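A quick write-up on the structure given underneath.
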Amino acid sequence: MTLPLALLRCAKQPFIAAIIPRLFVILFRYSQPILIKQSIRHVTVSSASSVAGNDGYWLVLYAVVVYTGLAVRSTMSGGPLVSLASVCSMHMLIARSIRYRQAYMNTASTALS
């Protein structure tokens, strides 16, 4: 149990760096259906019965924010996630080599005695 805790302590910064972009991806992905629903509602409701006259402008701005955010995230895809994976694999490799070295030293010391 100490190895996962040590790994978390060592890789805290890459771990947090991978969480924040993931949260933005979730936010943008789940806001797409809301955008589509509001767009359909805006088109089907006649402009005379519309409560606010500038609903269309807000929908356009909302669409620009959502799809720009998705585009920016897709161009940066894999950045923090790849670095987190490489840090984790590096720590696992180091731990494995230490474990093998200890096992080798134990077998060598028992063979000499």
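Miscellaneous remarks
- A71 being assigned to a helix (DSSP H, G or I), modelled with pLDDT of 80 or more and of a type in the set (G, A, S): yes
- Residue count for the range 5-36 under the criterion of being part of a helix (DSSP H, G or I) and within 16 Å of the chain's Cα centre (by Cα): the result is 19.
- Any hit, the range 90-111, residues being over 15 Å from the mean Cα position of the chain (by Cα), modelled with pLDDT of 85 or more and either over 21 Å from K12 (Cα atoms) or not in a helix (DSSP H, G or I) (or both): no
The values are calculated or read from the model by the stated rules, or taken from the named source; none is laboratory data. Note that the coordinates shown come from a computational prediction; the quantities given were computed from them, not determined experimentally.
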